[in-house]
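These notes concern the structure reproduced below.
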Amino acid sequence: MKDAFGAPQSLLVLGGTSEIGLATARRLIARRTRTVCLAGRPSPALERAAAELRELGADVRTVPFDALDSASHEEVLCKIFTEGDIDMVLLAFGVLGDQARDEEEPLSAVRVAQTNYTGAVSAGLVCAGALQAQGHGSLVVLSAAAGERARRADFIYGSSKAGLDVFAQGLGDALHGTGVHVMV
Ligand SMILES: NC(=O)c1ccc[n+]([C@@H]2O[C@H](COP(=O)([O-])OP(=O)(O)OC[C@H]3O[C@@H](n4cnc5c(N)ncnc54)[C@H](OP(=O)(O)O)[C@@H]3O)[C@@H](O)[C@H]2O)c1
């Protein structure tokens, strides 16, 4: 449960090595967040991030999570919620891609789209359902200015973020009145 000041006591970061995700986690721990779950592709960087947050006094664990493996999201993410309420889910994973290469190699472009958009759709829906089942919580989605208007330099990445934006806004509308909030 959020405490009396509205600060989340438990945080789930999807994309557990994300710089923005970790900066947010550090801020929240300084304010009262006590438990943090870093979900991400297993790596020394993920374990280092967990160790750094533990030094700030939080109870931190890591969970293997791959945005590209949508079929696994229900099992992986629902299990996290069965182990305790999550007050805030921060959807922080994403890839910028390489616009020039992605234009040359369509499958590489698809990887950007699948990570940033379809991966977020499946993970977002699973987390929204779990938050709704517990009756409270927030889903915070990191989009990008690149999604607001197509730009020559990054329209593949931008289009994935545009899709993410509309999805997350609509999900927020769908959850209106449930006690679950979505912030883009
Ligand atoms: N930084 C900016 O200026 C900026 C501006 C606008 C929007 N954003 C958006 O904000 C979000 C966070 O940005 P950031 O700068 O913190 O990013 P970052 O430091 O580059 O971190 C990206 C995260 O995404 C994870 N990721 C990539 N592919 C994944 C996959 N298949 N499965 C699971 N995790 C995966 C990475 O995990 P690994 O460690 O496994 O690679 C990493 O944790 C991104 O969505 C980004 O598009 C950032």
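Taking only the Cα atoms of the stretch 126-183, the radius of gyration and Dmax are 13.4, 43 Å.
Solvent-accessible area of E148, all protein chains in place: 150 Å² (probe radius 1.4 Å, heavy atoms, ligands and nucleic acids excluded).
Fraction of C-alpha pairs exceeding 17 angstrom in the stretch 61-184: 57 percent, rounded to a whole number.
The portion of the accessible surface of the chain made up by carbon and sulfur, rounded to a whole percent, is 55 (1.4 Å probe; DNA, RNA and ligands excluded).
Amide H contacts of S138: M88, V89, H181, each under 5 Å away and 5 or more positions distant or on a separate chain (H built 1.01 Å from N in the peptide plane; Pro and chain starts excluded).
Using only the alpha-carbon atoms, how far is helix 44-55 inclined from the longest principal axis of the chain? Give it as 0 to 90 degrees, nearest 10. Rounded to the nearest ten degrees, it is 30.
Close amide H partners of V36, meaning residues 5 or more places away or on another chain with modelled amide H under 5 Å apart, are L11, D59, V60, R61. Whole-Hz Karplus values for the stretch 100-115 come out as 5, 5, 5, 5, 6, 10, x, 5, 6, 5, 4, 5, 4, 5, 5, 5 Hz, taken residue by residue from phi with 6.51 cos²θ - 1.76 cosθ + 1.60 and θ = phi - 60°; glycine and proline positions read x. Can you list the HN-Hα couplings for the stretch 136-149, worked out from phi with the Karplus curve (6.51, -1.76, 1.60; θ = phi - 60°), rounded to whole Hz and with x for Gly and Pro? Couplings: 6, x, 10, 10, 10, 10, 8, 9, 7, 4, 4, x, 7, 7 Hz. Taking every alpha-carbon pair within the stretch 1-148, the share separated by more than 29 Å comes to 16 percent.
Taking Cα atoms, how many degrees apart are the long axis of helix 119-134 and the longest axis of the chain, rounded to 10 and kept between 0 and 90? So the inclination is approximately 20 degrees. Under the simplified labelling scheme, the E47-S108 pair shows an inter-label distance of 3.1 nm, with each label point 7 Å from Cα along Cα→Cβ.
The packing ranking, built from the mean of other Cβ atoms within 10 Å per residue, places the peptides 130-142, 6-18 in the order 6-18, 130-142, highest first.
Annotation: amide H-H contacts under 5 Å for F65 (H modelled 1.01 Å from N, sequence separation of 5 or more, or interchain): G40, R41.
Loop-resident chymotrypsin sites (Phe, Trp or Tyr not before Pro) (DSSP state other than H, G, I, E or B) in the stretch 1-91 with no more than 11 further Cβ atoms inside 10 Å of their Cβ: F5. The figure for C127 is an accessible area of roughly 0 square angstrom, using a 1.4 Å probe on the protein chains alone.
Using the alpha-carbon atoms, what tilt in degrees (0 to 90, nearest 10) does helix 155-174 show relative to the longest principal axis of the chain? That helix lies at roughly 40 degrees to the long axis. Residues in the chain average 52 Å² of solvent-accessible surface per residue, probe 1.4 Å, ligands and nucleic acids excluded.
How would you order 110-118, 46-54 from highest to lowest mean count of nearby Cβ atoms within 10 Å?
For the peptides 110-118, 46-54, the packing ranking is 110-118, 46-54.
The values are calculated or read from the model by the stated rules, or taken from the named source; none is laboratory data. Since the model is a prediction, treat every value here as computed from it, not as a measurement. As a convention, Cβ positions derive from the backbone with ideal geometry for all residues, glycine included, and neighbour counts pool all protein chains shown. Heavy atoms of the whole protein, side chains included, go into the accessibility calculation; ligands, DNA and RNA do not. Shrake-Rupley method; radii C 1.70, N 1.55, O 1.52, S 1.80 Å.
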